[in-house]
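**Student:** To start, I am sharing the structure in question, which I have written as structure tokens.
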Amino acid sequence: MLPFDQRTWAPQLAMAVIAITLLGEVIAIQILRSYGPLDTAEITALVLILIAVVPPNIHIIRRKSHPHLPLQKTNTIR
């Protein structure tokens with residue numbers, strides 16, 4: 001989901017994406033730890049997934065909606 005999406009359901013979807021991502025991370029850590037201690041590459045991959053998913057969705061949640069703004073950019077030639 002892009003941070004510029006102005007849909008009314010975007011904040012709820014962003015919260016769901018964050019929750020599912022965190023749950024997936026916890027499950028992945030538990031599975032990986034069952035094979036042995038976490039390697040540096042595994043920890044790095046998990047952190048990068050969090051960095052890629054969580055901040056854009058937090059931006060969507062915290063963004064104030066502007067109903068007076070158009071949903072699409074319009075270009076008019078005059």
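The values are calculated or read from the model by the stated rules, or taken from the named source; none is laboratory data. Please read all numbers here as calculations on a predicted model, not as lab measurements. FYI the Cβ positions are ideal-geometry reconstructions off the backbone, even for glycines, and counts take in every protein chain you see. For accessibility, only protein heavy atoms count, side chains too; no ligands or nucleic acids. Shrake-Rupley method; radii C 1.70, N 1.55, O 1.52, S 1.80 Å.
**Student:** Between a first residue in segment 35-50 that is polar (S, T, N, Q) and a second residue that is open to solvent by less than 90 Å² (accessible area, probe 1.4 Å), which pairs have beta carbons less than 9 Å apart while being 6 or more apart in sequence or on different chains?
**Tutor:** none
**Student:** Filter segment 27-40 down to residues that are loosely packed, with under 11 Cβ neighbours inside 10 Å and part of a helix (DSSP H, G or I) and give me whichever is nearest to the chain's Cα centre (by Cα).
**Tutor:** Only one residue fits best here, namely ILE27.
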